[in-house]
Amino acid sequence: MDTVLLSETTDVKEVLPLDAPLPQSRYSFSQRFRSGYHALWYRLSDGLKWSRGLYRETPVGHLTQFRGKRLARIAVLQRRFDVRFEQQYAVMTAIKSYDYLDILDQAWTFLGKPRPVGGVMHDVGASNFWYARALHAFFSPASLTGVEVEGYRIYSNGYSRWDYAQGYVADLPRTSFKVCDYTQYTDSADTIIAWFPFVSAAPVLAWRMPLRVLSPHTLFRRVAENLSPGGLFVMVNQGCEEAMIAFDRCRRAGLQFENSCEVRSTVRPRRIPPVVSWWRCC
Ligand SMILES: C[S@@+](CC[C@H](N)C(=O)[O-])C[C@H]1O[C@@H](n2cnc3c(N)ncnc32)[C@H](O)[C@@H]1O
(Lines give C-alpha, C1' and ligand atoms only; values in the text may rest on other atoms or scores of the structure.)
Protein backbone atom coordinates (compact mmCIF):
# COMPACT_ATOMS: atom_id res chain seq x y z
CA MET A 1 0.00 0.00 0.00
CA ASP A 2 1.32 3.47 -0.86
CA THR A 3 1.44 4.87 2.62
CA VAL A 4 4.03 5.53 5.26
CA LEU A 5 3.04 5.15 8.88
CA LEU A 6 4.99 7.10 11.44
CA SER A 7 5.07 8.01 15.11
CA GLU A 8 2.61 5.48 16.43
CA THR A 9 0.67 6.33 19.53
CA THR A 10 -1.67 3.74 20.99
CA ASP A 11 -4.67 4.27 18.75
CA VAL A 12 -3.68 6.82 16.12
CA LYS A 13 -1.02 6.59 13.40
CA GLU A 14 0.33 9.31 11.18
CA VAL A 15 -0.25 8.72 7.48
CA LEU A 16 1.94 10.36 4.86
CA PRO A 17 0.77 10.56 1.27
CA LEU A 18 2.85 9.02 -1.52
CA ASP A 19 1.81 8.36 -5.09
CA ALA A 20 -1.78 7.29 -5.39
CA PRO A 21 -3.00 4.45 -7.57
CA LEU A 22 -5.33 5.83 -10.21
CA PRO A 23 -8.88 4.50 -9.93
CA GLN A 24 -10.36 2.66 -12.89
CA SER A 25 -11.37 5.18 -15.50
CA ARG A 26 -13.46 2.73 -17.53
CA TYR A 27 -16.51 1.13 -16.02
CA SER A 28 -17.62 -2.45 -16.55
CA PHE A 29 -20.99 -3.30 -18.08
CA SER A 30 -22.32 -4.31 -14.68
CA GLN A 31 -21.17 -1.00 -13.14
CA ARG A 32 -22.80 0.99 -15.94
CA PHE A 33 -26.01 -1.02 -15.61
CA ARG A 34 -26.18 -0.44 -11.85
CA SER A 35 -25.36 3.23 -12.34
CA GLY A 36 -28.23 3.58 -14.85
CA TYR A 37 -30.63 1.93 -12.41
CA HIS A 38 -29.58 4.22 -9.55
CA ALA A 39 -29.85 7.23 -11.89
CA LEU A 40 -33.55 6.42 -12.42
CA TRP A 41 -34.25 6.45 -8.68
CA TYR A 42 -32.12 9.53 -8.20
CA ARG A 43 -34.06 11.41 -10.88
CA LEU A 44 -37.35 10.24 -9.40
CA SER A 45 -36.54 11.37 -5.86
CA ASP A 46 -35.11 14.65 -7.12
CA GLY A 47 -38.22 15.31 -9.22
CA LEU A 48 -40.69 14.32 -6.48
CA LYS A 49 -38.98 16.20 -3.64
CA TRP A 50 -41.03 14.04 -1.31
CA SER A 51 -41.72 15.06 2.26
CA ARG A 52 -43.98 13.33 4.77
CA GLY A 53 -43.17 15.91 7.44
CA LEU A 54 -40.41 16.37 9.97
CA TYR A 55 -39.13 13.07 11.38
CA ARG A 56 -37.84 12.76 14.92
CA GLU A 57 -36.29 9.62 16.33
CA THR A 58 -37.60 8.14 19.57
CA PRO A 59 -34.74 8.52 22.07
CA VAL A 60 -33.37 5.26 23.45
CA GLY A 61 -32.72 6.92 26.83
CA HIS A 62 -29.77 4.75 27.93
CA LEU A 63 -27.07 2.88 26.06
CA THR A 64 -26.61 -0.53 27.59
CA GLN A 65 -24.44 -2.28 25.03
CA PHE A 66 -21.05 -0.87 26.02
CA ARG A 67 -18.53 -2.25 28.50
CA GLY A 68 -14.91 -1.60 29.43
CA LYS A 69 -12.81 0.61 27.21
CA ARG A 70 -15.67 1.73 24.94
CA LEU A 71 -17.92 2.66 27.86
CA ALA A 72 -15.09 4.65 29.43
CA ARG A 73 -14.45 6.42 26.11
CA ILE A 74 -18.12 7.41 25.81
CA ALA A 75 -18.08 8.72 29.37
CA VAL A 76 -15.06 10.89 28.48
CA LEU A 77 -16.86 12.27 25.41
CA GLN A 78 -20.01 12.97 27.44
CA ARG A 79 -18.02 14.95 29.98
CA ARG A 80 -15.72 16.73 27.53
CA PHE A 81 -18.44 17.82 25.09
CA ASP A 82 -21.49 17.84 27.35
CA VAL A 83 -23.46 15.47 25.10
CA ARG A 84 -26.04 12.73 25.73
CA PHE A 85 -26.92 11.56 22.23
CA GLU A 86 -29.08 8.75 23.64
CA GLN A 87 -31.48 11.35 25.02
CA GLN A 88 -32.19 12.68 21.52
CA TYR A 89 -31.72 9.68 19.26
CA ALA A 90 -32.49 6.02 18.73
CA VAL A 91 -29.75 3.58 19.63
CA MET A 92 -27.95 3.41 16.26
CA THR A 93 -27.79 7.17 15.67
CA ALA A 94 -26.64 7.71 19.26
CA ILE A 95 -23.79 5.19 18.87
CA LYS A 96 -22.78 6.56 15.46
CA SER A 97 -22.78 10.11 16.85
CA TYR A 98 -20.37 9.13 19.65
CA ASP A 99 -18.30 7.34 17.02
CA TYR A 100 -17.93 10.42 14.78
CA LEU A 101 -17.27 12.68 17.77
CA ASP A 102 -14.63 10.24 19.02
CA ILE A 103 -12.89 10.11 15.61
CA LEU A 104 -12.67 13.91 15.58
CA ASP A 105 -11.45 14.04 19.17
CA GLN A 106 -8.75 11.41 18.66
CA ALA A 107 -7.63 13.00 15.40
CA TRP A 108 -7.28 16.45 16.97
CA THR A 109 -5.45 15.03 19.96
CA PHE A 110 -2.97 13.56 17.46
CA LEU A 111 -2.76 16.87 15.56
CA GLY A 112 -1.94 18.71 18.77
CA LYS A 113 -3.51 21.99 17.70
CA PRO A 114 -6.68 23.66 18.95
CA ARG A 115 -9.78 22.77 16.96
CA PRO A 116 -11.38 25.60 14.98
CA VAL A 117 -14.28 26.86 17.07
CA GLY A 118 -16.96 29.23 15.74
CA GLY A 119 -16.95 30.36 12.14
CA VAL A 120 -18.98 29.27 9.14
CA MET A 121 -18.92 25.54 8.53
CA HIS A 122 -20.03 23.31 5.63
CA ASP A 123 -20.47 19.56 5.66
CA VAL A 124 -20.11 18.11 2.15
CA GLY A 125 -22.27 15.07 1.33
CA ALA A 126 -24.33 15.15 4.52
CA SER A 127 -26.68 12.20 3.76
CA ASN A 128 -29.62 13.00 6.10
CA PHE A 129 -27.29 14.93 8.41
CA TRP A 130 -27.70 12.52 11.34
CA TYR A 131 -24.30 13.66 12.74
CA ALA A 132 -25.07 17.42 12.78
CA ARG A 133 -25.22 17.36 16.61
CA ALA A 134 -21.81 15.68 16.86
CA LEU A 135 -20.32 18.38 14.58
CA HIS A 136 -21.95 21.04 16.74
CA ALA A 137 -20.53 19.53 19.89
CA PHE A 138 -17.00 19.44 18.49
CA PHE A 139 -16.74 22.68 16.47
CA SER A 140 -19.41 24.93 18.06
CA PRO A 141 -19.80 26.60 14.66
CA ALA A 142 -21.34 30.04 14.22
CA SER A 143 -23.32 28.42 11.42
CA LEU A 144 -23.42 24.90 10.04
CA THR A 145 -24.79 23.81 6.65
CA GLY A 146 -25.06 20.19 5.55
CA VAL A 147 -25.09 19.93 1.76
CA GLU A 148 -26.39 16.76 0.12
CA VAL A 149 -26.97 16.16 -3.58
CA GLU A 150 -29.60 13.44 -3.07
CA GLY A 151 -31.54 15.05 -0.27
CA TYR A 152 -34.94 13.58 -1.09
CA ARG A 153 -34.10 9.89 -1.10
CA ILE A 154 -37.17 8.08 0.25
CA TYR A 155 -36.82 5.52 3.04
CA SER A 156 -38.95 2.42 3.53
CA ASN A 157 -41.03 4.17 6.24
CA GLY A 158 -42.16 6.80 3.70
CA TYR A 159 -40.04 9.63 5.12
CA SER A 160 -37.30 11.20 3.05
CA ARG A 161 -33.76 12.26 3.85
CA TRP A 162 -35.12 15.81 3.93
CA ASP A 163 -37.64 14.85 6.66
CA TYR A 164 -34.94 13.21 8.78
CA ALA A 165 -32.57 16.12 8.28
CA GLN A 166 -35.24 18.60 9.43
CA GLY A 167 -35.59 16.56 12.64
CA TYR A 168 -31.82 16.41 13.20
CA VAL A 169 -31.25 20.15 12.74
CA ALA A 170 -34.47 21.34 14.45
CA ASP A 171 -32.92 22.04 17.87
CA LEU A 172 -29.50 23.10 16.68
CA PRO A 173 -28.81 26.84 16.43
CA ARG A 174 -27.98 28.26 12.97
CA THR A 175 -27.93 24.85 11.36
CA SER A 176 -29.48 23.98 8.03
CA PHE A 177 -29.68 21.23 5.43
CA LYS A 178 -29.43 22.13 1.74
CA VAL A 179 -30.24 19.82 -1.13
CA CYS A 180 -27.67 20.81 -3.70
CA ASP A 181 -24.66 19.53 -5.59
CA TYR A 182 -21.70 20.92 -3.64
CA THR A 183 -19.79 21.47 -6.88
CA GLN A 184 -22.41 24.21 -7.59
CA TYR A 185 -22.43 25.63 -4.06
CA THR A 186 -20.62 28.94 -3.92
CA ASP A 187 -20.89 30.19 -0.30
CA SER A 188 -17.60 30.56 1.53
CA ALA A 189 -16.74 28.81 4.78
CA ASP A 190 -14.03 28.87 7.45
CA THR A 191 -14.17 25.10 7.94
CA ILE A 192 -15.35 22.51 5.44
CA ILE A 193 -15.66 18.86 6.39
CA ALA A 194 -16.32 15.83 4.20
CA TRP A 195 -16.95 12.40 5.72
CA PHE A 196 -16.20 9.70 3.18
CA PRO A 197 -16.43 11.73 -0.06
CA PHE A 198 -16.64 9.64 -3.23
CA VAL A 199 -13.25 9.22 -4.90
CA SER A 200 -13.77 5.86 -6.65
CA ALA A 201 -16.62 4.00 -8.33
CA ALA A 202 -17.33 1.18 -5.85
CA PRO A 203 -18.58 3.35 -2.94
CA VAL A 204 -20.74 5.39 -5.33
CA LEU A 205 -22.57 2.25 -6.43
CA ALA A 206 -22.65 0.87 -2.88
CA TRP A 207 -24.45 4.08 -1.86
CA ARG A 208 -26.90 3.53 -4.75
CA MET A 209 -25.83 6.62 -6.65
CA PRO A 210 -25.20 7.07 -10.38
CA LEU A 211 -21.54 7.19 -11.40
CA ARG A 212 -21.89 10.66 -12.80
CA VAL A 213 -21.76 12.06 -9.24
CA LEU A 214 -18.18 10.81 -9.09
CA SER A 215 -16.24 14.01 -9.79
CA PRO A 216 -13.67 14.36 -7.00
CA HIS A 217 -11.57 16.93 -8.85
CA THR A 218 -14.53 19.29 -9.35
CA LEU A 219 -15.68 18.68 -5.78
CA PHE A 220 -12.29 19.42 -4.20
CA ARG A 221 -11.80 22.43 -6.49
CA ARG A 222 -15.06 23.81 -5.17
CA VAL A 223 -13.90 23.13 -1.60
CA ALA A 224 -10.64 25.01 -2.35
CA GLU A 225 -12.59 27.93 -3.86
CA ASN A 226 -15.12 28.08 -1.02
CA LEU A 227 -12.52 28.08 1.77
CA SER A 228 -12.01 31.56 3.17
CA PRO A 229 -8.36 32.68 3.63
CA GLY A 230 -6.81 30.61 6.42
CA GLY A 231 -9.76 28.19 6.27
CA LEU A 232 -9.47 24.49 6.95
CA PHE A 233 -10.70 21.47 5.02
CA VAL A 234 -11.08 18.27 7.06
CA MET A 235 -11.56 15.01 5.20
CA VAL A 236 -12.31 11.55 6.54
CA ASN A 237 -11.64 8.59 4.24
CA GLN A 238 -12.31 4.91 4.45
CA GLY A 239 -8.79 3.55 5.03
CA CYS A 240 -5.36 4.37 3.63
CA GLU A 241 -5.97 3.15 0.10
CA GLU A 242 -8.97 5.41 -0.43
CA ALA A 243 -7.19 8.24 1.39
CA MET A 244 -4.25 8.06 -1.05
CA ILE A 245 -6.59 8.52 -4.02
CA ALA A 246 -8.36 11.37 -2.22
CA PHE A 247 -5.03 13.05 -1.28
CA ASP A 248 -3.95 12.99 -4.91
CA ARG A 249 -7.24 14.54 -6.02
CA CYS A 250 -7.07 17.23 -3.30
CA ARG A 251 -3.54 18.23 -4.33
CA ARG A 252 -4.47 18.41 -8.00
CA ALA A 253 -7.45 20.58 -7.02
CA GLY A 254 -5.09 23.07 -5.36
CA LEU A 255 -5.44 22.13 -1.70
CA GLN A 256 -2.37 22.05 0.50
CA PHE A 257 -1.76 19.01 2.68
CA GLU A 258 -1.22 19.77 6.35
CA ASN A 259 -1.35 16.47 8.21
CA SER A 260 -3.22 13.18 8.46
CA CYS A 261 -3.69 10.18 10.72
CA GLU A 262 -5.35 6.81 10.85
CA VAL A 263 -7.71 6.26 13.80
CA ARG A 264 -7.38 2.59 14.67
CA SER A 265 -9.64 2.18 17.65
CA THR A 266 -13.17 3.53 17.27
CA VAL A 267 -16.40 3.38 19.26
CA ARG A 268 -17.96 1.33 16.44
CA PRO A 269 -15.63 -1.50 15.47
CA ARG A 270 -14.51 -1.18 11.82
CA ARG A 271 -12.75 -3.46 9.39
CA ILE A 272 -11.04 -0.48 7.77
CA PRO A 273 -9.89 2.32 10.08
CA PRO A 274 -10.80 5.86 9.05
CA VAL A 275 -8.08 8.28 7.93
CA VAL A 276 -8.51 11.93 8.90
CA SER A 277 -6.61 14.60 6.97
CA TRP A 278 -6.27 18.38 7.21
CA TRP A 279 -5.93 20.71 4.22
CA ARG A 280 -5.56 24.44 3.58
CA CYS A 281 -6.19 26.46 0.46
CA CYS A 282 -2.93 27.47 -1.30
C1 LIG B 1 -20.21 7.94 1.43
S2 LIG B 1 -21.58 8.95 1.65
C3 LIG B 1 -21.24 9.69 3.24
C4 LIG B 1 -22.45 10.30 3.87
C5 LIG B 1 -22.20 11.04 5.19
N6 LIG B 1 -21.17 12.05 5.02
C7 LIG B 1 -21.86 10.09 6.31
O8 LIG B 1 -20.72 10.12 6.79
O9 LIG B 1 -22.74 9.30 6.73
C10 LIG B 1 -21.28 10.28 0.55
C11 LIG B 1 -22.45 11.24 0.46
O12 LIG B 1 -22.06 12.34 -0.36
C13 LIG B 1 -23.15 12.69 -1.21
N14 LIG B 1 -22.55 13.41 -2.35
C15 LIG B 1 -21.78 12.90 -3.33
N16 LIG B 1 -21.41 13.85 -4.21
C17 LIG B 1 -21.95 15.02 -3.74
C18 LIG B 1 -21.95 16.36 -4.20
N19 LIG B 1 -21.31 16.70 -5.31
N20 LIG B 1 -22.61 17.29 -3.49
C21 LIG B 1 -23.28 16.96 -2.36
N22 LIG B 1 -23.34 15.69 -1.88
C23 LIG B 1 -22.68 14.73 -2.56
C24 LIG B 1 -23.78 11.36 -1.55
O25 LIG B 1 -25.10 11.48 -2.02
C26 LIG B 1 -23.69 10.64 -0.20
O27 LIG B 1 -24.82 10.90 0.61
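The values are calculated or read from the model by the stated rules, or taken from the named source; none is laboratory data. Predicted model, so just to flag it, every value in this text is computed and none were measured. We place every Cβ from the backbone using ideal geometry, glycine too, and count neighbours over all the protein chains shown.
Criterion applied to P114, P141 was being more than 25 Å from T218 (Cα to Cα), more than 17 Å from the chain's Cα centre (by Cα) and not hydrophobic (A, V, I, L, M, F, W, C), and the one residue passing it is P114.
For I193, the requirement of being in contact (Cβ under 8 Å) with a residue 60 or more places away in the chain and part of a strand (DSSP E or B) is met.
Please tell me if E262 is closer than 19 Å to A202 by Cα and buried (at least 20 other Cβ atoms within 10 Å of the Cβ). Considered against the rule, which asks whether it is closer than 19 Å to A202 by Cα and buried (at least 20 other Cβ atoms within 10 Å of the Cβ), E262 comes out as no. Can G53 be described as more than 16 Å from the ligand (Cβ to nearest atom) and at positive phi? In short, yes.
The criterion of being crowded, with 16+ Cβ neighbours inside 10 Å and within 25 Å of G239 (Cβ to Cβ) does not hold for F85. Of the set (1) within 24 Å of W278 (Cα to Cα); (2) away from the ligand (no atom under 15 Å from the Cβ); (3) in contact (Cβ under 8 Å) with a residue 40 or more places away in the chain; (4) not aromatic (F, W, Y), all apply to V117 but (3). Kindly check whether there is at least one residue in region 181-189 that is crowded, with 20+ Cβ neighbours inside 10 Å, among the hydrophobic types (A, V, I, L, M, F, W, C) and either more than 8 Å from the ligand (Cβ to nearest atom) or under 28 Å from F33 (Cβ atoms) (or both). Yes, region 181-189 contains a residue that is crowded, with 20+ Cβ neighbours inside 10 Å, among the hydrophobic types (A, V, I, L, M, F, W, C) and either more than 8 Å from the ligand (Cβ to nearest atom) or under 28 Å from F33 (Cβ atoms) (or both). Looking at W207, is it more than 16 Å from G146 (Cα to Cα), modelled with pLDDT of 95 or more, of a type in the set (F, W, Y) and out of contact with any Asp or Glu (no Cβ under 6 Å at 6 or more places or on another chain)? Here the answer is yes, as W207 does meet what is asked. One residue stands out among those in region 134-169 that are farther than 20 Å from V120 by Cβ and more than 15 Å from the ligand (Cβ to nearest atom): the one that is surrounded by the fewest Cβ atoms within 10 Å (Cβ to Cβ), which is S156. Screening region 42-156 for helices (runs of 4 or more DSSP H) wholly inside it with 1 or more residues that are out of contact with any Leu (no Cβ under 8 Å at 6 or more places or on another chain) and at pLDDT below 95 returns the ranges 68-81. The residue list V223, V236, V204 contains one member that is crowded, with 19+ Cβ neighbours inside 10 Å, near the ligand (Cβ under 10 Å from one of its atoms), aliphatic (A, V, I, L, M) and in a helix (DSSP H, G or I), which is V204.
Condition check ((1) more than 25 Å from P141 (Cα to Cα); (2) hydrophobic (A, V, I, L, M, F, W, C)) across all residues:
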| site | (1), (2) |
| --- | --- |
| D190 | no, no |
| A194 | no, yes |
| R212 | yes, no |
| S215 | yes, no |
| F233 | no, yes |
| N237 | no, no |
| W279 | no, yes |
